[in-house]
Structure formats: C-alpha cells, structure tokens
1. Based on the alpha carbons, how large is the Rg to Rh ratio for the chain when Rh follows Kirkwood?
2. Under the rule of -39500 (n - 2.57) per DSSP H run of 4 or more residues, summed and divided by the residues of the chain, what mean residue ellipticity at 222 nm is obtained, to the nearest 500 deg cm²/dmol?
3. Between region 99-113 and region 9-70, how far is it from one alpha carbon centroid to the other, in angstrom?
4. Given a 1.4 Å probe, how much area per residue of region 1-115 is accessible, in Å²?
5. Given Cα pairs under 8 Å that are at least 6 residues apart, what percent is the relative contact order of the chain?
6. Rank 94, 110, 19 by how far each Cα sits towards the positive end of the charge dipole of region 1-116 (+1 on Lys, Arg Cβ; -1 on Asp, Glu Cβ) and give me just the farthest.
7. Rounded to the nearest 20 debye, what is the charge dipole size of the chain about its Cα centre when +1 sits on each Lys and Arg Cβ and -1 on each Asp and Glu Cβ?
Amino acid sequence: MLGDDASVPMPRRAAAAMPRLRREHARFREAAVELDGARDAVLRRLEDPKTPADVAEAARGRFDALEIRRPTSEWIAQREVEWDRSLERLERWAQRDPEHAAAIAERRAARQLSGRR
C-alpha cells in the first residue's frame, strides 16, 4: 500500500502515499454513488409499463443475479469508515515527515492570506 522500499522512513512513505490514497478514496465514493444511480435507473426501466414484458423478464433475471452480489449500503458505509480511519492514521504518520509538515504549513498560510479556510 505504501510502497515496497521499507528502508524509507514510514513518515516519508506515508506522506508520499497520501495523494494517491485520497484519489482512490474519492474514486471509491464516486463509484458507490454511480452504482446506486445505475441500479435505480435499471429498476425504473424494469418497472416502466412501456418496457416490453419479455425484455423486462429477461433483464430481471440478470439484474437479480447482479443484485445479489451488489455491495450493501451497510458494507459501503463500513468501508467508508475504514477508509477514513486509514487516512487519519496515515496523516498522523505523514505529519512526522518534515517536508510534508512544511508543505502543509505553507498551504495553510497561503489559505489564510487569501481569506479562504
């Protein structure tokens, strides 16, 4: 997860991994939303009276098979908690890296100067 080179200090590896892991977390959240949207769209089409019955019946069988394997809302929420916990732990490690800490301080100062939070 953090790279193969164990000779690099953990704070440095954590700081280097943070941007990638944040992007992966954002993609996970987007995928969960897209999955729910796609599921809802299929259900609307299956329930639409304009959808031919034979088409709906054939699609329903495939949909039900996918629905059984679909991550539940509870699983997604639990995975979100795990992501947050992992990122918090990584951030604590990354803060021990002098370069990372200096970059964060610089960004905070720039935000304060620009009036953003």
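1. Working: Rg = 21.9 Å, Rh = 18.0 Å.
Rounded to two decimals, Rg over Rh is 1.22.
2. The helix contribution divided over the chain gives -28500 deg cm²/dmol.
3. First find each Cα centre; the distance between them is then 36 Å.
4. 74 Å²
5. Dividing the mean separation by the residue count of the chain yields 48 percent.
6. So the residue furthest toward the plus end is 110.
7. Here the size comes out at about 620 debye.
The values are calculated or read from the model by the stated rules, or taken from the named source; none is laboratory data. Source: prediction; values computed, not measured. Cβ: placed from backbone, ideal geometry, glycine included. Neighbour counts: every protein chain shown. Accessible surface is based on the protein model in full, side chains and every heavy atom, while ligands, DNA and RNA are left aside. Shrake-Rupley method; radii C 1.70, N 1.55, O 1.52, S 1.80 Å.
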